Every structure is written in structure tokens, then in C-alpha cells.
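To start, the structure under review is shown below, and the notes come after it.
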Amino acid sequence: MIIANSYDVTLSVAGHDFVTAGEAASQIKRTLETLNLPPKLVRRASICAYEAEMNIIIHACRGQMGLRVTEDKVAIVAHDEGPGIANLDRAMEEGYSTASEEIREMGFGAGMGLPNMKKCADKLSIKTKVNEGTRVEIIIYLPTSEG
Amino acid sequence: MRLIQVVQTPELRLEVKAGQEQLDRVVKGAYASDLLSNVMARANEGNIWITLQAHQNIVAVAALLNLAGIVIAGGIEPQEDTLLKAEEEGIPILTTPLSSFEVAGRLYALGIGADDGQAKMAQS
Ligand SMILES: Nc1ncnc2c1ncn2[C@@H]1O[C@H](COP(=O)(O)OP(=O)(O)OP(=O)(O)O)[C@@H](O)[C@H]1O
Ligand SMILES: [Mg+2]
């Protein structure tokens, strides 16, 4: 699969803004659909984008999401200036969440967002520093060639 | 099976609250959960999603996964902004006084399985 030009977009995500929650992920999904990428790949990328966006909205104050599509991969970067993650190993465990009771009542805070990302991404790298912020990078490789 | 046929099944007692124009969608299975990231992980394209959540973020989840529609069970009324967002995104929202359990059971009886209701229908 060859994409003639690399595609780049940056979206800002405001913390605790449940009104526009999901918009960055929707825009990423629409872009990937426009590029005619395989539906399964679009699904995996959409899941990663949504979970990363919701994590900024729920756990951080503000951040940005970036999408970059090149001829071999889709890269989604979510970057925030939030509290950071004190124990990343625990955060990666299914079911671990620090979400408040109020947030849980809305159906968030199952502690499945990061594990979902890990399952759907080919590569997930997270850099985080307490009181500074978190940077999540998701890589999904495109199918090599269609002959 | 199409969503309109589900809506027209009297025992389900469904009321269409949004997405009236999208009822010709093909239903491929259903999934029931109130945890959004569990739905993100497990629900598939064309599924009906049964939930008690009624806030507007359910629309984003359904749109991202290309779900057939959302059934809000338990007599819970969706918030106004949920319905506006659903119209914008073209996501059918149906409500019913039945519990999630009853909705799931009745959908199953209609031939809508966990994965692909169509295959089941074709056999019968
Ligand atoms: N961007 C972030 N900034 C600060 N903390 C984060 C961030 N992302 C994740 N975390 C921490 O990692 C935990 C696990 O994240 P994960 O996405 O797996 O679950 P969750 O967001 O709590 O619940 P869910 O995603 O199921 O709604 C969070 O509860 C939070 O403590
Ligand atoms: Mg999360």
C-alpha cells in the first residue's frame, strides 16, 4: 500500500471536556477511511485513538493528538500536560484505574484503555513523568504491498 | 435482519429517539455492556449495543465502531445532547422500558446472535 504524500494532522484535546470527547478520534478515523486503508486497520487505529483521547480527557488537563500516515505505517501520538503516570506497569494492567466514582458511573474507568491500545497497536510506547505529562505513541503498520 | 425489523418487534417495546433515517442498517449481532472501553474492545461493526449509559459519549463509541445502533434499556431517557449528537452522527438511538437482560434475550430469540445474527437467520 503506497500513500503518495504523508498525511499529518494535529488536534487539541481539552481535559474534562466530555462534550467534544471523541472528536479527535472521529477525525482520525475519517481521515484513515478517506485514505482507503483496510477496515480492520481503521478499527484498530480508531480504538487506540479513542482510548488515548479519553485518557487525556479523564486524567489530564490538556493535550494534543497527532496523526501521521506514511507509506509503511500509521502513527498516532497523544501528548498531554497532565499529572503523569506514577506506576506505568500497574497502569498497563487490565482493571487498574484511578478514575473517580463519578467518572466510573459514566462507564469509564474500567482500566481497559491502555490494555486495549496495547492489543490493537503493533507498537505502543509511553513516556511519562509525574507532574509533567504523558506522551503515548501508537504505531500500526500498513500491509506491505498488494502486488 | 435490518434494524427496522427489530424496531417493529412489539415485544421489544422500542421507541426511536434518534436516527430514524438510518433504520435500514443491517444488524450483525449484538453486545451488552455499560463499560465504554469494554465495548470498544469487544463490540463489532453492525452490532446493536445494549446499555444503561445515556450520556453523549456513547454516540462517539458507536460511530467509531460502526455499530448498527444503541438500545438504552431500563426505561432510561437519553439526555438531549446525546440525541443531538446521534442525529449529527447518524446513529440510531432506541429506548425501551425492558431491562438489558430482557432486551438481550428477546434479540437472541429473534435470531440475532452474539456475533452474526444474519448467518443464524439464513439457516432457519
Ligand atoms: N494521559 C494520562 N495521564 C495521567 N494518567 C493516565 C493517563 N492515561 C492513563 N493514566 C493512568 O493509567 C490508568 C489506567 O489507564 P486506562 O486507560 O487503562 O484505564 P482508565 O482510563 O482508568 O479506564 P478506561 O480506559 O477503561 O475507561 C488510569 O486510571 C490513570 O491512572
Ligand atoms: Mg482510559
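The values are calculated or read from the model by the stated rules, or taken from the named source; none is laboratory data. Keep in mind the model is a prediction, meaning the values are calculated, not measured. With ideal geometry, Cβ positions are generated from the backbone for all residues, glycine too; neighbour counts draw on all protein chains shown. What goes into the accessible areas is simple: the full protein's heavy atoms, side chains included, and nothing from ligands, DNA or RNA. Shrake-Rupley method; radii C 1.70, N 1.55, O 1.52, S 1.80 Å.
Okay, here's what the table says:
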{"item": "Residues of region B:1-22 classified as part of a loop (DSSP other than H, G, I, E, B) and either modelled with pLDDT under 95 or more than 11 Å from the chain's Cα centre (by Cα) (or both), total", "result": "5"}
{"item": "B:E88 assigned to a loop (DSSP other than H, G, I, E, B), within 12 Å of chain A (Cβ to nearest Cβ) and without any contact (Cβ under 8 Å) to a residue 60 or more places away in the chain", "result": "no"}
{"item": "Residue within region A:32-42 that is more than 22 Å from B:N38 (Cβ to Cβ), out of contact with any Cys (no Cβ under 9 Å at 6 or more places or on another chain) and either crowded, with 24+ Cβ neighbours inside 10 Å or of a type in the set (V, I, T) (or both) present", "result": "yes"}
{"item": "Pick from region A:116-132, criterion within 13 Å of A:A52 (Cβ to Cβ) and within 11 Å of ligand 1 (Cβ to nearest atom), ranking: most open to solvent (accessible area, probe 1.4 Å)", "result": "A:K118"}
{"item": "Any hit, region A:63-81, residues being touching a residue at least 60 places away in the same chain (Cβ under 8 Å), open to solvent by 10 Å² or more (accessible area, probe 1.4 Å) and either within 12 Å of chain B (Cβ to nearest Cβ) or within 10 Å of ligand 1 (Cβ to nearest atom) (or both)", "result": "yes"}
{"item": "Qualifying residues in region B:5-26 (those that are more than 20 Å from B:P78 (Cα to Cα) and of a type in the set (V, I, T)) - the one surrounded by the fewest Cβ atoms within 10 Å (Cβ to Cβ)", "result": "B:V26"}
